[in-house]
Amino acid sequence: MSTPVLKQSPTREHSRILGIGAFRPDVIVSNEDVCQWIESSDEWIRQRTGIITRHRADKGTSVIDMAEAAAREALAGAGIEAAQLGAVLVSTVTHPYATPSAAAELTDRLGATPAPAYDVSAACAGYCYGIAQADALVRSGTAEYVLVVGVEKLSDFIDNTERTISFLLGDGAGAVVVGPSDTPGIGPSVWGSDGGKSGAIGMTHSMLDIRALSLAAEADGGLTPDALSGGPAKLWPTLRQDGQTVFRWAVWEMAKAAQQALDAAGIEASDLAAFVPHQANMRIIDELAKQLKLPDTVVIARDIADAGNTSAASIPLATHRLLKENPELSGKLSLQIGFGAGLVFGAQVVVLP
Ligand SMILES: CC(C)(COP(=O)(O)OP(=O)(O)OC[C@H]1O[C@@H](n2cnc3c(N)ncnc32)[C@H](O)[C@@H]1OP(=O)(O)O)[C@@H](O)C(=O)NCCC(=O)NCCS
């Protein structure tokens, strides 16, 4: 008896981003607002970070609501129906359930069921991780069209009164549809991690801390009002960072990763039309542009001034704005790089939708 030969999905040569969408929540938090909570000033925040405002979602708006709005615009731009999606990836670290995923619920809301759906936890590199996966899924023949969403409601995980990171953060969503292409549209992904620096950014507590406290209070005869206000509320996980460690890593290591993405794609800095780095700090953006020796012809995304740092949403939001303000960039080359908590990073050269 001959050994049966396994069939494999027919592969495709190229993929590209076909459409993009964004959602920016209505509530605008100014530097003056921030200074009610921390000792700082509008001038300091502008000079040291470039941030002027950040958008935050109201109580009733969830990660999935924001993702849906951005996804619908991306689908319309790509000219495909939700039912044609072969996979839905949601990059986020602020969906409040470890399971079920935000992606499964989003898929159903969009009318894309039974598309495979999963969340990607790669913080500020989440969108670039999503693009790396979508590119691989499309070219391997595993899916024809893939929705990639970067979405965060960071305001649920900040303590407004702390000064290491909260004042930087905003909420929002950006989404793209990746699909087959006749020409190369997504360069090789340069992505990685350095878990040895996991202490540089992260949450103050885990859900287990809250559970332990609740159990202890229960053993003491129930959750008294005191335990409730002083306990679980204090243990709620909020973000912290060692800003200088992250800053140095971003400037030195991420310039190298960005250069590797250019080299892997066979692209010179002067071939680029746009540069969309993670919107973490305007000084990091300037320093990366300097180290990459980007010519003046390259348009640099500076969405951070208005949006703050929106983690996984930052690159698609910034790209969306860039295309709105400079429609002539459509079809041109853009270098994108995301980096953050993990630590993790991801970069690739893409053809703009
Ligand atoms: C957070 C960050 C803006 C702080 O800026 P910085 O220039 O590194 O500030 P430093 O921590 O060196 O502190 C410099 C001074 O500013 C003060 N300072 C720090 N945060 C402040 C704030 N929010 N407002 C006012 N003053 C502040 C410090 O107390 C210090 O004062 P001192 O000189 O009197 O001691 C910056 O480190 C940063 O952007 N880091 C990387 C962020 C990042 O990329 N994070 C996420 C990746 S996803």
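Once you have the Kirkwood Rh of the range 15-180 from its Cα pairs, apply Stokes-Einstein at 20 °C and 1.002 mPa s and quote D in µm²/s.
So the translational diffusion coefficient is about 130 µm²/s.
Suppose accessible area is computed on protein heavy atoms with a 1.4 Å probe; arrange Tyr97, Tyr118 from highest to lowest.
Output order, biggest surface exposure first: Tyr97, Tyr118.
For the chain, what is the accessible area per residue in Å², given a 1.4 Å probe and the full set of protein chains? Could you put the intermediate results ahead of the total?
On the way: 15860 Å² over 353 residues.
Roughly 45 Å² per residue, with all protein chains present.
Show me 256-268, 101-113 ranked by packing, highest mean number of other Cβ atoms within 10 Å first.
Highest mean packing first, the order is 101-113, 256-268.
Using a 1.4 angstrom probe on heavy atoms only, work out the carbon and sulfur share of the accessible area of the range 265-349 in %.
Looking at the range 265-349 in its full context, I get 51 percent from C and S.
What whole-number value in cubic angstrom gives the convex hull volume per residue for the C-alpha atoms of the chain?
With only Cα atoms used, the chain gives 175 Å³ per residue.
I want to check a number: in the chain, how many lysine pairs have alpha carbons closer than 27 Å, given a sequence separation of 8 or more or different chains?
Lysine pairs meeting the criterion: 16.
Taking one equal scatterer on every alpha-carbon of the range 10-74, how large is log10 of I(q)/I(0) by Debye at q = 0.12, 0.15, 0.21 1/Å?
Values returned for q = 0.12, 0.15, 0.21 Å⁻¹ are -0.52, -0.68, -0.90.
What Kirkwood hydrodynamic radius, in Å, does the range 201-353 give when the mean of 1/r is taken over all pairs of distinct Cα atoms and then inverted?
Details: mean 1/r = 0.0567 Å⁻¹.
Evaluated over the range 201-353, this radius sits at 17.6 Å.
Rounded to the nearest percent, how much of the accessible area of the range 51-141 (1.4 Å probe, protein heavy atoms only) is carbon and sulfur?
The nonpolar share, carbon plus sulfur, comes to 55 percent.
The values are calculated or read from the model by the stated rules, or taken from the named source; none is laboratory data. As the structure is a computational prediction, the values presented were derived from the model and not from experiment. Quick reminder, even Gly has a Cβ in these numbers, built from the backbone with ideal geometry, and neighbours come from all protein chains shown. For the accessible areas, the whole protein counts, side chains as well, though only heavy atoms, and no ligand, DNA or RNA atoms are used. Shrake-Rupley method; radii C 1.70, N 1.55, O 1.52, S 1.80 Å.
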